[in-house]
Structure formats: C-alpha cells, structure tokens
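No lab work stands behind these numbers, since they all come straight from the coordinates. Values in this document were obtained by computation on a predicted structure and should not be read as measured data. Positions of Cβ are backbone-derived with ideal geometry, glycine not excepted, and every protein chain shown enters the neighbour counts.
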Amino acid sequence: MMITRTSPFTGVTRTKDILVTEDQLARWQRGERIQNVMPYLSASDREFIMTGITDDEWNNAFGEDA
C-alpha cells in the first residue's frame, strides 16, 4: 500500500510502498500499538507510518546511534 507522510523535521512529503492493509492501518489509528498490528515491519517503516520521518532525517537529527 502506498503510504504518504510529511516529515515534521523537513516538511518534505514522501510516499513509500509498505506492505500493510487498510485494516491494519485502521487498527493502529484506533489505538492499537503499531508493533502489535504490524510486527513484521522494520522499525524504519513503522516510524515512517507514524511520523513520516526517514532514517536519514532521524540520523541527521539524533545521530546514527539514537
């Protein structure tokens, strides 16, 4: 599914193709923990869904080890 988010760090809007369903997104939006609804996703993909922040933006803001 194509997921579009705008990064709060840069204001850049990006779209990524992430293996999730409408039902999974709805469950997360209703308050279920994203790691419970989509445990197979990488932390990077979950972060993108939640915030729109990419790995590069995260590393630029907090460093590689954050």
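Among Phe62, Phe48, sorting on how many other beta-carbon atoms sit within 10 Å of each Cβ, with the fewest leading, yields Phe62, Phe48.
Extension gain, Leu19 to Ala61: 0.36 nm times the residue separation minus the Cα-Cα distance gives 12.4 nm.
Take the Kirkwood radius over Cα pairs of the chain, plug it into Stokes-Einstein at 4 °C and 1.567 mPa s, and you get 105 µm²/s for translational diffusion. Taking 7 Å steps out from each Cα toward its Cβ at Met1 and Thr51 produces label points 2.2 nm apart.
If only the Cβ of Lys and Arg carry +1 and only the Cβ of Asp and Glu carry -1, the dipole of the chain around its Cα centre is close to 320 debye. Applying 0.36 nm per residue to the separation of Thr10 and Asn36 and subtracting their alpha-carbon distance, the gain on full extension is 6.5 nm.
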